[in-house]
Amino acid sequence: MKNLNKTAYLIIIGLTLCGIPKIHAQKTIVKNESKKHAKPLQNSYEKYIDANNDAHLKEFLELISIPSISSIPAYKKDIEKTASWLVNKLQSIGINNAKQLATEGNPVVYANWNEAPGKPTVLIYGHYDVQPVKESEWNNPPFTPIILDGKIYGRGASDDKSGIITAICAIEAILRTDGKLPVNVKFLFEGEEEIGSPNFKKFLEKNKELLKTDFAVTGDDIQYSETDPAITLSLRGAAQLEFSVKTANTDAHSGQFGGKTPNAVLAMSQIISSLYDKVGNVAVEGFYNKVLPITTTQKEMIKRIPYDAATDMKILGTTAEVGDPAFSPQERMWYRPTLEIIGMQGGYTAAEGHSNIIPSHAMARITCRLVNNQTGQEIVDLIVKHINKNCPVGATLSFKFKTGYASPMQYPTDTKGFQYVSDALTALYGKQPLQMAAGGSGGAMLSFKETLGV
């Protein structure tokens, strides 16, 4: 919970630095101003944030409890309920024009405070949708959040409802304390990030004037550790597909038909095996064609970031690290593309019993993380071509494709926005932030640059 308050402080410092006159003049002024304003800022708002911590925490748990799963149509009402909750919360802190805006999919929550004439505008982005859950893997119901040892356990508690709630709480603290904000602020909370933001770019294009801004900040990211701040400078893209193998109209008895009947699960296994070489690299022809070499700057950046393989292995319970030994683990995570089998079904898989069948159907789902100038469509096309080429005799294929692919994204370090964030982190943590990359994806991020020019 302390981390939520700390994030709120960070937003407060960053917004205030953004509104300080002359801050653009030179880096020395920026650094002096950040030291000058950081401590008074923390002190002036700390009382309000601490006094309202219990209320904020109660609201946060309430927000987490809404199962806003965007990838399953049955949760559409919960998506709408979450959007309404956010509108009501924003209105309750004095952002009276908060509302839902329609897209071709799930609604976007929008609001703005525009009463700082002459000051910059900062757009704060987050997403309120969450990924689906496998409840059997949870110690508590995922949408009944609990607090253990100072940590909140619940689906969406981190990704990304924490990013949304801390931004709102930070703005609330400033408005309740000062009655105004140091800059103009716009909120934009999306409901389709976990499915690749398929309608987000079109929404931005239709609302360019409404969303016009000087800076855009995402609340959907991580830091290196509780004591080490970090700025993420690149994200990988993402592409997904599902394919099925059919070998018969119905499962067959293995005693009566075994030895002559194609097995769908075996055919699926052979196809999946063909996707990789012995080292673990992707064997799909053309998969790496557009991957650019890792730069010297990126290699130097990685050297400054602590990494302990044993720590990650302990967290996950793994016994080995795998991947092309020509690249370090962080290089593989951040700057190399991947192809992962994220799920399979086929045959008899009930918890108990043993059915002597030859399976007639099997299904697998694939997620790829993309880098540089790879695009989702061309990678999916290459994979489909490979699967068709390696489909065994007696099997037929069918495919399902997701709408929308997240593009890889790289951020510059020579901008005012970067300097504001860096100074805010330095002021709060007392040390310069690490510059790192992330292996994950953010479907909306490239759209901000391409459509809004920020």
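What to note about this one:
- Qualifying residue in the range 366-380 (condition: at pLDDT 95 or above, under 12 Å from V245 (Cα atoms) and of a type in the set (S, T, N, Q)): no
- Within the range 3-29, considering residues that are closer than 11 Å to Q419 by Cβ and of a type in the set (A, V, I, L, M), the one modelled with the lowest pLDDT: I29
- Spans of helices (runs of 4 or more DSSP H) in the range 292-339 with at least 1 residues exposed (fewer than 10 other Cβ atoms within 10 Å of the Cβ) and more than 23 Å from the chain's Cα centre (by Cα): 296-303, 309-316
- Test: residue in the range 360-372 that is in contact with a strand residue (DSSP E or B) (Cβ under 8 Å, 6 or more places away or on another chain), in a loop (DSSP other than H, G, I, E, B), under 30 Å from G443 (Cβ atoms) and touching a residue at least 40 places away in the same chain (Cβ under 8 Å): yes
- Candidates K77, K89, K81 - the one that is under 30 Å from L148 (Cα atoms), among the charged types (D, E, K, R) and surrounded by 19 or more Cβ atoms within 10 Å (Cβ to Cβ): K89
Yes/no matrix, rows are residues, columns are (1) assigned by TED's automatic domain parsing to the domain that holds L123; (2) touching a residue at least 40 places away in the same chain (Cβ under 8 Å); (3) in a strand (DSSP E or B):
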site	(1), (2), (3)
A216	yes, yes, yes
S244	no, yes, yes
A248	no, yes, no
P262	no, yes, no
S269	no, no, no
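- Residue in the range 171-179 that is surrounded by fewer than 20 Cβ atoms within 10 Å (Cβ to Cβ) and either in a loop (DSSP other than H, G, I, E, B) or touching a His at 6+ places or on another chain (Cβ under 9 Å) (or both) present: yes
- The condition of being among the polar types (S, T, N, Q) and surrounded by fewer than 15 Cβ atoms within 10 Å (Cβ to Cβ) holds for only one of N281, N263, N249, that being N249.
- Test result for T121, farther than 18 Å from Y75 by Cα and in contact with a Ser or Thr (Cβ under 8 Å, 6 or more places away or on another chain): yes
- Of all residues in the range 76-93, those satisfying the criterion of being over 14 Å from R155 (Cα atoms), touching a strand residue (DSSP E or B) at 6+ places or on another chain (Cβ under 9 Å) and not hydrophobic (A, V, I, L, M, F, W, C) are E80, S84, Q91.
- Check on T318, in contact with an Asp or Glu (Cβ under 9 Å, 6 or more places away or on another chain) and either closer than 30 Å to A248 by Cα or not assigned by TED's automatic domain parsing to the domain that holds I20 (or both): yes
- Only residues that are touching a helix residue (DSSP H, G or I) at 6+ places or on another chain (Cβ under 8 Å) and part of a helix (DSSP H, G or I) were counted in the range 58-92, giving 10.
- Only one entry of I147, I152, I95 meets the criterion of being assigned to a loop (DSSP other than H, G, I, E, B), over 22 Å from F200 (Cα atoms) and among the aliphatic types (A, V, I, L, M), and that entry is I95.
- N32 over 21 Å from F200 (Cβ atoms), part of a loop (DSSP other than H, G, I, E, B) and at pLDDT below 95: no
- So S407, is it closer than 20 Å to N373 by Cα and small (G, A, S): yes
The values are calculated or read from the model by the stated rules, or taken from the named source; none is laboratory data. Everything numeric here is computed off the predicted structure, so don't read it as measured data. Note that we place each Cβ from the backbone using ideal geometry, even for glycine, and neighbour counts take in every protein chain shown.
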